[in-house]
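Input: a single structure, listed below in structure tokens.
What follows is calculated from the coordinates using simple rules that are stated; it is not laboratory data. Only a predicted model underlies this, so the values are computations on that prediction, with no experimental measurement involved. Glycine gets a Cβ as well: all are built from the backbone with ideal geometry, and neighbour counts include every protein chain shown.
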Amino acid sequence: MKLRLHKLGLFLVLPILFSCKKEDVLLPLSDVSVMKTIEDHSPIYFFYEVNDTDTLANINTKNSISTTNWIFNIDKRLTLDLIIPEIKLLQHKKKNSSHTNEAAINVFSYSDSITKSLAFLPFTDVQYKFDKDFSKFFIKEHSDLYFNYFNLTINFNKENKITVDGNEVERAEFIAFIKDFTDFMSEGKATIIHLNFDKRLTYGEYIQNKTLAWQLTSEKIQLSSYEFIYDEEKLPECGCKL
């Protein structure tokens with residue numbers, strides 16, 4: 001089956017009917033499409049729920065088949081601290097299933113605000129480091145792996161502002177700044193972009209930041225397969241700017 005939706009009402013809100021109970025997933029918006037179509041897929045839903053004073057992620061995987069491509073339809077209001085641990089579990093479940101398909105991928109769904117259509121962001125190879133890790137420390141601890149690269153730590157902090165190696169960069173200038181900076185500083189080395197996200201950011205903010213960073217990718221610039229979803233209070237004391 002090929003999934004390709006064009007009508008505005010279909011991609012801003014995904015209405016799903018389970019046993020006569022209608023539930024909605026509000027998808028995030030981005031102004032770029034990484035992927036426009038995907039075939040042979042299974043849907044996974046992360047619903048936004050409020051129980052008394054707590055916000056919950058209600059997850060439905062009833063229709064997921066391990067040998068297919070998985071589409072993660074996640075409500076944009078959910079925060080990363082709620083969804084990343086669950087995503088990690090589902091990644092592990094699929095990878096270690098008795099029935100696997102090495103060619104199958106995992107993607108996030110979102111809405112392209114320019115083309116007004118459903119879009120997808122692959123994350124099959126992403127390995128999430130959760131809570132206590134930050135790329136600056138990880139690179140230092142594994143310096144032998146990164147010695148031959150020009151490494152940049154990009155942080156999307158709790159206010160959803162962007163810092164590059166601890167220095168704030170305006171969102172509108174981010175792509176041009178990174179391209180110019182790496183061209184000037186990399187000394188011919190390939191560049192690895194290491195992404196860090198405060199775990200209090202919403203999934204909507206996460207997708208916007210991920211698709212922004214994706215626009216940097218080229219033969220000379222790549223995104224690290226490790227992503228760091230951190231709790232600032234649990235990071236090591238370093239006296240440095242994140």
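Odds and ends about this structure:
- If the chain linking residue 35 and residue 214 were pulled fully straight, counting 0.36 nm for each residue of separation and taking away their Cα-Cα distance, it would gain 63.3 nm.
- Ranked by how many other beta carbons lie within 10 Å on average, peptides 70-81, 121-132 from highest: 70-81, 121-132
- Under the span-like rule (Cα at least 15 Å along the axis, Kyte-Doolittle mean at least -0.5), DSSP H helices of the chain: 80-95, 174-185
- Here the Kirkwood formula puts the hydrodynamic radius of segment 43-135 at 14.6 Å, using every distinct Cα pair.
- Taking label points 7 Å from Cα along the Cα-to-Cβ direction, residue 149 and residue 49 give a separation of 3.9 nm.
- Estimated FRET transfer efficiency when R0 is 45 angstrom, pair residue 58-residue 187 (beta carbons, to 0.05): 0.35
- Mean separation of Cα contacts under 8 Å, 6 or more apart, over the residue count of segment 127-242: relative contact order %: 40 percent
- The distance separating the Cα centre of segment 168-210 from that of segment 48-101 comes to 26 Å.
- Reciprocal of mean inverse Cα separation for segment 75-204 (Kirkwood radius, Å): 17.1 Å
- Listed candidates [x] 18.2; [y] 20.4; [z] 19.0 - label of the one calculated as Kirkwood radius over Cα pairs in Å: [z]
- For the chain, the mean residue ellipticity at 222 nm estimated from helices alone is -6500 deg cm²/dmol, where every DSSP H run of n ≥ 4 contributes -39500 (n - 2.57) and the total is divided by all residues, rounded to the nearest 500.
- Pairs from 95/241; 36/140; 36/62; 62/136; 132/179 whose Cα-Cα separation, in the structure shown, is over 32 Å: 95/241; 36/140; 62/136
- Distance between the 7 Å Cα→Cβ label points at residue 165 and residue 98: 5.2 nm.
- Taking a ≥ b ≥ c as the square roots of the eigenvalues of the alpha carbon gyration tensor, segment 147-226 is prolate, as a/c is not under 1.5 and a/b beats b/c.
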